[in-house]
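Right, one structure below, let's go through it.
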Amino acid sequence: MASLNEAKTSATRTTSTPLTPHILVVDDDAMIGEQLERLFTHSGYKVTIANRAEQALEFLEREDIDLVVTDIKLPGIDGVELTKRIAERWSDVPVIVVTGYGDIDTAVEVLKLGASDFIVKPFSAAAIHESTRVGLEKASLFMEIRHLRHRLKESCEFGGMLSRTPEMHRVFEIIRTVAPTDSTVVVEGETGTGKELVASAIHYQSERRERPFVTINCGGFPEQLLESELFGYERGAFTGANQSRPGKIEMAHGGTLFLDEIENMPLSMQVKLLLVLNNQRVQRLGSNHWTRVDMRIIAASNIPLKELVAQGKMRSDFYYRVNVILIELLPLRQRLDDLPILIQDFLRHHPVAVRKNTTGISNSAVDHLTQYNWPGNVRELHNVLEKAVILGKSRVINISDLDLDFGQSTSETKANATAPKGATELPLYLWIREKEKEYLIHKLSAYRGRIGLTAKSCGMEVRTLHRKMQLYGLDKKAFSKRL
């Protein structure tokens, strides 16, 4: 699996420092909990105490736990059910069950459910130490991978965004730099690249973090409705205005107003918003009263604002007012090295992946994903993974689980290939892929979908042809019906 290989590779590059195992003790008896905490702490372990199974599950979700020691008898969810859930969701985390003399049969049942050992009360320090040592030793590889993954995420994550690329890390640095200021920021990038995440990161790293973060999609409303949404209105201002209502601008007072898809804002609205930005006050529809506002503006666009100005779709005075700090986001096809960490992060947090215990993706599936053009970027990646997890039959995502439309993803680049000189050129690897697909379609048509003859004619193995047909979404039945 890609995740395991990735962690092993990281291990070879990381200076070997002793890991401090993190042990979770689950017991509603405070005295026993304190005894175990002292015992483990004295032995150099990090210890977390939970007095209920529900609390223990929350810790397991949030933190890197390497071993669990739990009593069988707990209020609410008991130790048996807790062990079962840990085995289903965190199968690499060993569980030691503490039981009384009368619970031996139950302890044996828990071992069948996945517990690594059980200890009978009253227990000795030596027995606990030995059971813990054996449990951690058996799970040492998984523990190392878990800690490496945590360190990797810490070095790659910022404001809910994940990336290893230097370009994205420069974006993170810009966010850190501009967040403490009140400067207006424009975020440019294709759909699905995470523009709202950037805006949110700026807000929550700023001094305005305790105040509202208000968003509005400028492309989601017709012009008149957009005006009432932004500026608010008084009762009777228009038909249906039965009560006064503040607009997004007033609601963002003290905080941040995020204008998404600003490329769709009409020119007339740009004039009115420019007046608000210059005077720091707003007037509701149907009112003569001006209200002072103090807000930061962050705008996002799928189209570079300079192009909008050149096309006459954005006023130059509005452009110069909002375009103070520009942040440009890379499309996913230009940061394919981020695919493994984006995939693993998705699998760790998506509820269906968690419930089905889908924990990884095959190397061949990752290679398949890197060959795709990702016109919908990270949002499309999440959709593809969600479908694979829901419909998949195993705990590992394979190529057969992935539904990618290579024809659609390359339609834009195909158009570029036939565009006049000076237009954006088709990348070489996409051009080669397109030509190979056309070649295979021609051959399959000529031999009416007969795989053996087609493979021989192409000078390739049958399994190689099968793999390429799967890659390009070609079905032999479609060719067998052709005349």
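The values are calculated or read from the model by the stated rules, or taken from the named source; none is laboratory data. The shown structure was predicted, so the numbers you read here are calculated from the model rather than taken from an experiment. As a convention, Cβ positions derive from the backbone with ideal geometry for all residues, glycine included, and neighbour counts pool all protein chains shown. All accessible areas refer to the heavy atoms of the entire protein, side chains included, with ligands and DNA or RNA removed. Shrake-Rupley method; radii C 1.70, N 1.55, O 1.52, S 1.80 Å.
See the values below:
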| item | result |
| --- | --- |
| Potential lengthening between Asn278 and Ile432 on full extension [0.36 nm per residue; Cα-Cα distance subtracted] | 50.2 nm |
| Given charges at beta-carbon only (K, R positive; D, E negative), |dipole| of region 40-99 in Debye | 140 debye |
| The chain - percent of accessible surface contributed by carbon and sulfur, probe 1.4 Å | 51 percent |
| Computed magnitude of the charge dipole of region 311-412 (debye, nearest 20; Cβ of K, R +1, Cβ of D, E -1) | 360 debye |
| Segment Lys306-Glu54, extension gain: residue separation times 0.36 nm, minus the distance between their alpha carbons | 85.4 nm |
| Neighbourhood net charge (12 Å Cβ-Cβ; Lys/Arg +1, Asp/Glu -1) for Lys443 | +4 |
| Rounded FRET efficiency, nearest 0.05, which uses the C-beta distance separating Tyr204 from Glu63 and R0 of 30 Å | 0.85 |
| Derived scalar couplings ³J(HN,Hα) [region 353-365; Karplus, 6.51 cos²θ - 1.76 cosθ + 1.60; whole Hz; x for Gly, Pro] | 4, 5, 5, 8, 6, 7, 10, x, 9, 6, 4, 5, 5 |
| Distance between modelled label sites at Lys121 and Asn383, nm, 7 Å Cα→Cβ extension | 5.5 nm |
| Accessible surface, the chain, averaged per residue in Å² (probe 1.4 Å) | 52 Å² |
| Region 256-295 and region 313-335: distance between their alpha carbon centers, rounded to Å | 19 Å |
| Charge dipole (debye, nearest 20) of the chain; +1 at Cβ of Lys and Arg, -1 at Cβ of Asp and Glu | 2020 debye |
| Estimated inter-spin distance, Ser364 and Thr239, nm [label 7 Å along Cα→Cβ] | 6.4 nm |
| Exposed GluC sites (Glu not before Pro) absent - longest run of the chain, DSSP non-H/G/I/E/B, at most 15 other C-beta within 10 Å | 211-424 |
| Inter-probe distance in nm under a simple model that places probes 7 Å from Cα toward Cβ, at Lys393 and Asp337 | 3.8 nm |
| Positive-end extreme of charge dipole, the chain - chosen from Leu444, Gly392, Gly33 (charges on Cβ) | Leu444 |
| C-alpha center-to-center spacing [region 36-92, region 339-396] in angstrom | 29 Å |
